[in-house]
Amino acid sequence: MATVKQWHESLNFSKMRLSHLLGQPMTNVRIAEVFDQIADLLEFEGANPFRVRAYRNAARIVRDLPDAITSILADPQRKLTDIDGIGDDLADKITTLAATGSLPFLEELLARVPESVLALMRIPGLGPKKAAVLYKELGVKTLADLKAACDSHKVQELKGFGAKTEQTILAGMTLAETAADRMLWAKADAIASNLLAHLKPLKEVKQLAAAGSYRRGSETVGDLDLLVDSTEPEKVMDRLAAYPDVAATIGRGDTKMSIRLEGGVQVDLRVVPEESFGAALLYFTGSKNHNIVLRGMAKDRGLKVNEYGIFRDDKFLAGRTEEEIYRMLDLPWIAPELREARQEFAWAAAGELPELIELADIRGDLHMHTTESDGRSTLAEMAAAAKALGHSYIAITDHSKRTSMANGLDSRRLLKQWSEIDALNAEKPGILVLKGVECDILEKGGLDIDDDTLAEADWVICSIHYGQNQSRQQITERILQAIENPNVAAIAHPTGRLINRRKPYEVDLEAVYKAAAKHGKFLELNSNPERLDLDDIHCAAAKQHGVKIVINTDAHRADALAGLRYGIMQARRAGLTKEDVANTRTWVQMRKLIGKTHS
DNA sequence: GCCGTTTTCGGCCCGACTGTTTTCAGTCG
């Protein structure tokens, strides 16, 4: 999926020279980037595809790991080779990377293959084989070379290429220049809902679903994958072709069709008969790696799984529902959010598949703003909207004074707001409104509101809004200091994703997790879809360290309170249960967790 | 490159679609 997105990433990646990757603390993400680049280079060289897959797999495994590689290396009790998919060779390479910041094997590869050719493989329709031919036969090293070769029609003269391929390459190049990045889940949701509503009225459509990373609740979505149960694929495909927003048809066969919408989003449609709907839903939901494991398990049992069902010696056994397929493999049904080939199979084998948290489990939202700072809705409007959503409590957490451009409150205004909250509660609004604040962690350390005032609050959540360019160590120190303040209950934006689309600040998250666990402080999963933080990986890491998590919206207007579901999806992807998330509890229970005793 | 209650070698998920072929390789998901 998402060839266009990969293209973008490759453009960004090729700008980011190796020297930028190296010589910095070796985070999991940086190690993963090195392995992905090795996989690309090996693939270009035509290496054994399974060897390439091993590197890609390792990249994904390291990226998804809740623990920092550096802390595993530092722990004499643990070995890298204990991680599934990491053998002796890759463990050595990781160790070398972490110790020296460089990897001789990668240097060798880069000496053989110019890094710029990797961008060729990102063009839709150009894979490693064709890219290698272009490089070897025509000396195409860059995208500019490729453009020139197509324009002079040298490409179509190559064996295995033709006029059509040349056109496809040119079209792929211009498309990639203008196409959109991966979209946020919320946008995918809007588009998918419209598409489903367009297809549903067709009488030939018996069942339909949106699958892919959208169904898995991935934070961002590349392509949309639609699945339809019908015996009349032609009619279904005609219906999709008639969708008003279609810009182009990329491909169309007997049961499968791909279109591109205005704005660049690719939509893949697959039509299957009823007896295959569950198998196809499983296949189309992915992830790819989840499917690979499933199919391997089937093979071990002398079975075969494809998108039509599960088979023994070509005899159809099941396929109507996902449950049937899982059952044939002695597995319970696995929630789509968990299907990333991370821990779900180990959990299933041990009978420890977590009962994932649901939206309805949340009892209160503990981070929101009002018109008193930079919110758009009043205190009363926020309370009414939260009550309508079924919450039993909320915390009003307007900004503190340092955040002056958001009209942050000083202690005098805070105390005034809190007396208004007392008055509102006295009117018995049907929801408990808590006196809170989102208190700035100042550049020099320390908090923006005095301790005497903070002691009056029910709920103090802290975050960094200024001095985000400080060193990793300075930022970490500031956060640790806030965690140690007895008046503080929670840290918001712990990984630094607090401004849309801007690079997060650098922070030693291990230290933050450890301190939060030690002092019983909450880390916030901020549910804003545009700057979601903690994401699924960080969420799992926080849980691993025994940190208490709260899921809040950080809503700036009443209708944004419904955005809690975005955070819930990430929590589910991290395998969190109701117990793992603190604000599934009543406020009385929560207050005990915080350790506050005053009323 | 990884992995092993069939294994330390020989496997590694599976099928649709396209373009260039004349039975298939490459690409994609």
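Read the figures in this text as sums done on the coordinates, not as results from a lab. It should be emphasised that the depicted structure is a prediction, and the values quoted were computed from it without experimental measurement. Here the Cβ positions follow ideal geometry from the backbone for every residue, glycine too, while neighbour counts run over all protein chains shown.
If each residue's Cβ is checked for other Cβ atoms within 10 Å, how do A:370, A:495, A:231 rank with the fewest at the top? Each step should come with its number before you reach the end.
On the way: A:370 24, A:495 21, A:231 12.
With the sparsest Cβ surroundings first, the list reads A:231, A:495, A:370.
What does the extension gain come out to for residue A:198 and residue A:67, with contour length at 0.36 nm per residue minus their alpha carbon separation? Show your work: numbers first, answer last.
Working: separation 131, 0.36 × 131 = 47.16 nm, distance 4.41 nm.
The residue A:198-residue A:67 span can extend by a further 42.7 nm.
With unit charges on the beta carbons (Lys and Arg positive, Asp and Glu negative) and the dipole taken about the Cα centre of the range A:359-594, which residue among A:442, A:467, A:556 sits farthest to the positive side?
A:556
Where the convex hull is taken over the Cα atoms of the range A:4-179, what is its projected area averaged over directions, in nm²? Mind showing how you got there, number by number?
Numbers: hull surface 42.4 nm².
Mean shadow area of the hull around the Cα atoms is 10.6 nm².
Defining a contact as two alpha carbons under 8 Å apart and six or more residues distant in sequence, what relative contact order in percent does chain A show?
Working: 1057 pairs, mean separation 57.6, N = 599.
Across chain A, relative contact order equals 10 percent.
For the pair residue A:308/residue A:577, report the inter-label distance in nm, with labels modelled 7 Å from Cα in the Cβ direction.
Result: 4.1 nm between the two label points.
Once both labels are modelled 7 Å past Cα along the beta-carbon direction, what's the residue A:186-residue A:388 spacing in nm?
Calculated label separation equals 1.7 nm.
Which entries of A:235/A:304; A:187/A:548; A:435/A:518; A:79/A:288; A:503/A:592 have Cα-Cα distances beyond 32 Å here?
Working: A:235/A:304 30 Å; A:187/A:548 30 Å; A:435/A:518 25 Å; A:79/A:288 27 Å; A:503/A:592 36 Å.
A:503/A:592, as the Cα separations exceed 32 Å there.
Nearest 20 debye, what's the magnitude of the dipole of the range A:182-272 about its Cα centre given +1 on Lys and Arg Cβ and -1 on Asp and Glu Cβ?
On the way: 13 positive and 13 negative charges, 25 e Å.
Approximately 120 debye in magnitude.
What value in Å³ per residue do you get for the convex hull of the alpha-carbon atoms in the range A:359-594? Walk me through the intermediate numbers first.
Working: hull volume 24.8 nm³, N = 236.
Taking only Cα atoms, the range A:359-594 has a hull volume of 105 Å³ per residue.
If R0 is 60 Å, what FRET efficiency do you get for residue A:159 and residue A:407 from their C-beta distance, rounded to 0.05? Show your work: numbers first, answer last.
Numbers: r = 68 Å, r/R0 = 1.13.
Between residue A:159 and residue A:407 the formula returns 0.30.
For the range A:182-272, evaluate the Debye formula with one uniform point scatterer on each Cα (no solvent term) and list log10 I(q)/I(0) at q = 0.17 Å⁻¹, rounded to two decimals.
-0.64
Once you place label points 7 Å from the Cα toward the Cβ at residue A:78 and residue A:425, how far apart are they in nm?
It works out to 4.2 nm between the two label points.
Per residue and in Å³, how big is the convex hull formed by the alpha-carbon atoms of the range A:544-599? Write down the numbers at each step before the final one.
Numbers: hull volume 6.0 nm³, N = 56.
Once divided by residue count, the hull of the range A:544-599 is 106 Å³.
Around residue A:525, what is the net charge, scoring Lys/Arg as +1 and Asp/Glu as -1 over all other residues with Cβ under 13 Å from its Cβ?
Spelling it out: positives minus negatives among the neighbours equals -1.
Of A:205, A:316, A:279, which is farthest towards the positive pole of chain A's charge dipole, taken about the Cα centre with +1 and -1 on the beta-carbons of Lys, Arg and Asp, Glu respectively?
Result: A:316, furthest along the dipole toward the positive end.
Among the lysines, which have Cα under 17 Å from the Cα of residue A:130 when same-chain residues fewer than 8 positions away are ignored?
Hits, sequence-local ones excluded: A:141, A:147, A:154, A:159, A:164.
About the Cα centre, and with charges only on the beta carbon of Lys, Arg (+1) and Asp, Glu (-1), how big is the dipole of the range A:274-374? Nearest 20 debye, please.
Details: 12 positive and 20 negative charges, 153 e Å.
Taking the Cα centre of the range A:274-374 as origin, the dipole is about 740 debye.
So how many Å³ per residue does the convex hull of the Cα atoms of chain A work out to? Show your work: numbers first, answer last.
On the way: hull volume 103.5 nm³, N = 599.
Normalising the Cα hull of chain A by residue number yields 173 Å³.
Taking the highest mean first, how do the peptides A:268-275, A:519-526, A:94-101 order by number of other beta carbon atoms within 10 angstrom per residue? Mind showing how you got there, number by number?
Working: A:268-275: 20.2, A:519-526: 23.6, A:94-101: 16.1.
Top of the packing list down: A:519-526, A:268-275, A:94-101.
Taking a temperature of 20 °C and a viscosity of 1.002 mPa s, what whole-number D in µm²/s does Stokes-Einstein yield for the range A:496-586 with Rh from Kirkwood over alpha carbon pairs? Could the numbers behind the result be given before it?
On the way: Rh = 13.3 Å.
Approximately 161 µm²/s, per Stokes-Einstein.
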